[in-house]
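Scroll down for the structure; my scribbles are underneath it.
The values are calculated or read from the model by the stated rules, or taken from the named source; none is laboratory data. Bear in mind the structure is a predicted one, so any value in this text is a computation, not a measurement. Glycine also receives a Cβ, built like all others from the backbone with ideal geometry; neighbour counts cover every protein chain displayed. Only protein heavy atoms, including side chains, enter the accessible area calculation; ligands, DNA and RNA are left aside. Shrake-Rupley method; radii C 1.70, N 1.55, O 1.52, S 1.80 Å.
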Amino acid sequence: MYTKENGQDDHSKRPSLELVIEGKKFDWFEQFITGKQLKELRGLPLDCELFLDIVEPWKDDAIQNDEVVDLARSGIEQFYIKQKLKYSIDGKNFETDKQYIKGSQIRKQGNIPSDFLIYLSNKKPWDDDLIVDDEIVDLARPGKEKFYSKEKSFSVEIVVNLDPKPWNAEKITFEQVIVLAYGNYDSDPRKGYTVTYDRGPIQNIEGTMVAKGEVFVKHKMIFNAKQTHTS
């Protein structure tokens, strides 16, 4: 049994276990250690997300404050925290431990009114993405994500059958595309139409439209409409 000297543990008589926390080595004289002790040992905030580095193909383990880790396993245990992801909303800086954020959370954090639209800024030549409230954005992409808001006065130019057309709504229906392409929509059952689109916003980048369907639009979005006939 190990003894105590002056009320302190006599570590000199115990084998030490080596661990690494955020790149710094420590000697620990117990077989087990909690997540809270790990954070205190390295001087990390208790609300940070701490992970145990595990050899691939296994995923690294998130270590909770009250979770106990066995340090007597083979190899040196290494622990790390995920770097906070930084982003801005209308020029105001934010950071988070979480990789994903919803449009509704961006609206709440940025105190953005419901009658304003939210956009994710992209580097040219890419157009900025319209972010709706139920959309999920990945904050772990390279660089710092920048969100901004503006009033819902919507005005873009779309391309229908190679012709530029002004459009003043967030969405467009199948029938509206046909009207832009041919001047009117003929409901004669012997006639039909097909509509495909490309270079759309993140909600609908490319695809085929169906009758009475609608899609979100983006500046320079391309639509191809064709008229078909049945006997």
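General observations
- Residue identified as crowded, with 17+ Cβ neighbours inside 10 Å, of a type in the set (Gly, Ala, Ser) and closer than 30 Å to residue 106 by Cβ among 207, 200: 200
- Single residue of the range 47-68 satisfying the filter (at pLDDT 90 or above and out of contact with any Gly (no Cβ under 6 Å at 6 or more places or on another chain)) that is surrounded by the fewest Cβ atoms within 10 Å (Cβ to Cβ): 66
Residues checked against (1) among the aliphatic types (A, V, I, L, M); (2) closer than 19 Å to residue 48 by Cα:
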position	(1), (2)
77	no, yes
89	yes, no
119	no, no
131	yes, no
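- Only a single item in (1) open to solvent by less than 60 Å² (accessible area, probe 1.4 Å); (2) within 29 Å of the chain's Cα centre (by Cα) is not met by residue 77, and it is number (2).
- Residue 215 vs. criteria open to solvent by less than 30 Å² (accessible area, probe 1.4 Å) and at pLDDT 90 or above: yes
- Test: residue in the range 113-132 that is within 14 Å of the chain's Cα centre (by Cα), assigned to a loop (DSSP other than H, G, I, E, B) and among the β-branched types (Val, Ile, Thr): yes
- Breaking point among (1) more than 24 Å from the chain's Cα centre (by Cα); (2) surrounded by 11 or more Cβ atoms within 10 Å (Cβ to Cβ), for residue 183: (2)
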